[in-house]
Each structure stands twice: as C-alpha cells, then as structure tokens.
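These notes concern the structure reproduced below.
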Protein chains: 4
Amino acid sequence: MIGRTRWAIPEGYIPETSTGPEPEMESHETICLLNAGDADAHVQVTVYFEDRDPAGPYELSVPAERTRHVQFNDFEDPEIPRGTAFASVIESDRRVVCQHTRLDSRQAENALLSTVAFPGDS
Amino acid sequence: MIGRTRWAIPEGYIPETSTGPEPEMESHETICLLNAGDADAHVQVTVYFEDRDPAGPYELSVPAERTRHVQFNDFEDPEIPRGTAFASVIESDRRVVCQHTRLDSRQAENALLSTVAFPGDS
Amino acid sequence: MIGRTRWAIPEGYIPETSTGPEPEMESHETICLLNAGDADAHVQVTVYFEDRDPAGPYELSVPAERTRHVQFNDFEDPEIPRGTAFASVIESDRRVVCQHTRLDSRQAENALLSTVAFPGDS
Amino acid sequence: MIGRTRWAIPEGYIPETSTGPEPEMESHETICLLNAGDADAHVQVTVYFEDRDPAGPYELSVPAERTRHVQFNDFEDPEIPRGTAFASVIESDRRVVCQHTRLDSRQAENALLSTVAFPGDS
C-alpha cells in the first residue's frame, strides 16, 4: 500500500488574521492525510516549537479508503498559538500519505503553499 | 526510464467559484503527467473523499514522449464535487512522473500551489 | 556529492501575459539548478508537449560550486510556446539538484509556485 | 530519528522590496529546520551564487525537540545580497528535516511558495 508510517513538516505557521468570508477564507494550516489501505489508520501528531517543549500528541484517525484534511487551527488542549513558528511529526500505525497546505488570507487576496511532507524510511 | 507506476496526492479541492476570464482563470485542480518513455501509458486515477466511498477509477492515457495536464474539474461519471476535500492515487502500466498544481481564483487575484506527488516504490 | 543526474518536472506553462515592471515581474517558468560539486556540469533539457514531438535537448552548463536559475522563457531554437502545457526532463553529466519555480503575473498581483523536481535513481 | 544530515535548496531569492507591515509582511526567504531528536543539532549553511564563490558556512544550532525557522535575510558576514539568485546546502551533525518557504510581498498582496528541500542519502 502506498505511503509511510512517519512524516515530518518543518514549516508551520497559523497567521493571526484573515480576510474574506469564513470559514472558507480563514487563514489555515492543513495536513492532508490519505489512507488508501483497507484498514483504519490511527495517527498521532506532535507539534514542535522554537522555544518550548513539544505539544501533543494530538490523536486522530483516518478510516480505510478515506482522506482527512486536518487543520492545525482546530487542535485543542492545548491550542496551537497563532503567529508562532512550529513544525510537526505525524506517526501512524498504518501507511498513509501526507501533504502540507497553507491558505494565507492576511491580505485582501489569498496566497497558497503546498508540498508533500518528508517521508520517514518505513 | 524516469518515473514510477504509482503516485499519491493527499490534497485535493476544487474551489466553487472563480474570478477572471475563463477558461484560463477558472479555478482548477490539475494532475500533470509526464511519460518520457517510448510506449503509451494507461493511467487510472482513484479519488478518495472524507465521508464516502472512493470514485473511479477514471481512465486516461499518456502517449509516449508526451505530457498531459489533466484537470479534476473535467472528470465525469461521476463528476468531482466542488468545495469538497479529496485525495487521489494514480496508477499507470508504465512509469510516469506526476505533479499536482492548483490555480485558485476565488478572489480577484489568483493563487497557485504545486508539488511533485508522492511516488510509490516502483 | 548531493544530487542526481536525471530530474523530471511534469508541470510547465509560461503565461502569455504579465503585469508589473519587467523583467522582474514578467511571468516566468524557471529551473533552478545547483551544482555543489567541484567539476562543471553539462546539462541537457528536453521539453515534452501534449500534442507534438519533444523539443531540444537545450544545452547549458552549471559551473562547479555555482547555481543557475534558467528560464524556459529564454530557450531558443525553438522557443517554448506561451500559453501551452509542457513538461521537462533534465539530464546532467554530474550530480546536480533541481527545483521548479513559476512566477505568474497575469493578474495585478503575482502568484508563486515551487517544488523540488522529481529525482531519477542515480 | 526522522531526517537527513544533508539537504539542498536550489532556489533562493530575497526580493529587494516589500509591501505591508514589517516584520510580518517583509519579503523573506526561510529555511525551516526540525530537529525531532533528543540531542542538539549543529548546522552549517553554504550559499551558492551564479557568478561568485560560495558564502559561508553560516553556523546555527537547532536544539533537541525544537524547530527553527531561519531567514536568509538575517545572515551576516557576509549578508546575502537582495535581488540575486542563490542556492544553498544545509549540513548537520544530527538528522534534521528541512523545508524552504518564501514570502514575496513586492506587490500589494503577498505570494507564497514552499517545498520540502532535497534530502541527501544519509
């Protein structure tokens, strides 16, 4: 099955402000996860900062043959602070594929970035 | 020959609206496929969602020594719903190379994202 | 030495129009090449299309311990047509690293995309 | 531990101008480094140009279980020239993960690009 069980995203930043209609145009930082396998995947996300200990792991699941587009904006207990640099490691008990996307709507027109995350060896 | 026979793109989203002259500035989600080999490639695209069974496979071919830039917007039977998160797996009988690009023209100025897709092992 | 001798970029498109002061804000499609080694690299770029035979190879060199940011816009004999989908394969006699970037200034504000190209096996 | 000890980023360019409130909206070119391991990483960045010898290595550290988002704008002795094409190689004594991001605010609305850097073999 295509994928890996560990992924890293060194870039992370939730802009503090947004422009345009919510929720569609709210600034957001997203992990897109694909589980193309036939069993549910249980995923743990650890968030790293520049000046404090890591947060998490945040737990979520990706059902078999489903995708989930998860926003760091929605993480709770603790929330990810806005306007702060962070990074993340994603670990799964099943192979998944992971892509990182940001919508930045701080200014009147939105900007986008995306990259497939860095895969671990297995 | 450069390429792989399986690729994954965890990110997918066709914005519901567009701004600017069509078709050039219509919001679109694209798979760019390159077949640098000397035989035609037959490609199947399966589309995964967050809350329903996968759609497809959508079939297409990439002739030898040609590229094809295929829009998810154009997939039929069934169409890919707009404003909905999805992901995709691309399988080919020949090695191809796959890149994912979005033009988002919901606002007055367009935004772009692109990444080489995640390659399978073969 | 870091790098590979073969790279592929499935996405390619030179917008037909630009906005803003030239040459800085002219729409352009770029291959960024890094030769971190101690010998010059001789590079050949082949360009693939959707509906015609490949063009090239276009030849260029990247001196030892130098980078070159080459624009498809500047390729000659033949020129790369504007407003047309293409893809490319980069082959080098020395290991180099390759990244693809587009500046799209068709609308008043520019948009950017970038990705490391897909590396071959050697 | 996830990561590699060597990375390359062929693209590099610090726009000469910016629009919008500083420092948040100043045009910048960033290396995002993640050290998910339990020992500090010592990192050296070498910067390559089109027409002169490489600069650096610039030295920095990434503490255990921390991320650092480093701006080329802040490199000193020598400074990285604005409006000039460059590339970089990142070497670390511990495995880190590296992503490249640019915020371009030359025009009224910002544009973004990002990609995971190219990993070396170890």
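The values are calculated or read from the model by the stated rules, or taken from the named source; none is laboratory data. Keep in mind it's a predicted model, so treat the numbers as computed, not measured. No Cβ is skipped: glycine too gets one built from the backbone with ideal geometry, and neighbour counts run over all protein chains shown.
The single condition among (1) within 14 Å of the chain's Cα centre (by Cα); (2) surrounded by fewer than 16 Cβ atoms within 10 Å (Cβ to Cβ) that C:Val43 does not satisfy is (2).
Could you check the range D:38-67 and list, in sequence order, the residues that are within 14 Å of chain A (Cβ to nearest Cβ), assigned to a loop (DSSP other than H, G, I, E, B) and without any contact (Cβ under 8 Å) to a residue 40 or more places away in the chain? Those that are within 14 Å of chain A (Cβ to nearest Cβ), assigned to a loop (DSSP other than H, G, I, E, B) and without any contact (Cβ under 8 Å) to a residue 40 or more places away in the chain: D:Asp38, D:Pro63, D:Ala64, D:Glu65. Comparison of C:Gln44, C:Gln71 shows that the only residue that is within 30 Å of D:Ser27 (Cα to Cα) and not hydrophobic (A, V, I, L, M, F, W, C) is C:Gln71.
Okay, residues lined up against (1) within 17 Å of D:Leu33 (Cα to Cα); (2) crowded, with 18+ Cβ neighbours inside 10 Å; (3) modelled with pLDDT of 95 or more:
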position	(1), (2), (3)
D:Gln71	yes, no, no
D:Asp77	no, no, no
D:Ala87	yes, yes, yes
D:Ile90	yes, yes, yes
D:Cys98	yes, yes, yes
D:Ser105	no, yes, no
D:Asp121	no, no, no
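The set of residues in the range A:70-88 being out of contact with any Gly (no Cβ under 9 Å at 6 or more places or on another chain) and within 13 Å of chain D (Cβ to nearest Cβ) consists of A:Arg82, A:Gly83. Every test in (1) polar (S, T, N, Q); (2) assigned to a strand (DSSP E or B); (3) at pLDDT below 95 is passed by C:Thr17 save one, and that test is (2). Taken over the range A:70-102, the residue count meeting the criterion of being within 23 Å of A:Leu112 (Cβ to Cβ) and not in a strand (DSSP E or B) is 10. Condition check for A:Glu26 on (1) within 21 Å of B:Tyr48 (Cα to Cα); (2) at pLDDT below 95; (3) not aromatic (Phe, Trp, Tyr): one failure, at (1). The lone criterion from (1) in contact with a strand residue (DSSP E or B) (Cβ under 7 Å, 6 or more places away or on another chain); (2) more than 8 Å from every other protein chain (Cβ to nearest Cβ); (3) modelled with pLDDT under 95 left unmet by A:Ala111 is number (2). Taking the stated definitions as given, is C:Asp93 more than 12 Å from every other protein chain (Cβ to nearest Cβ) and at positive phi? So C:Asp93 fails the test.
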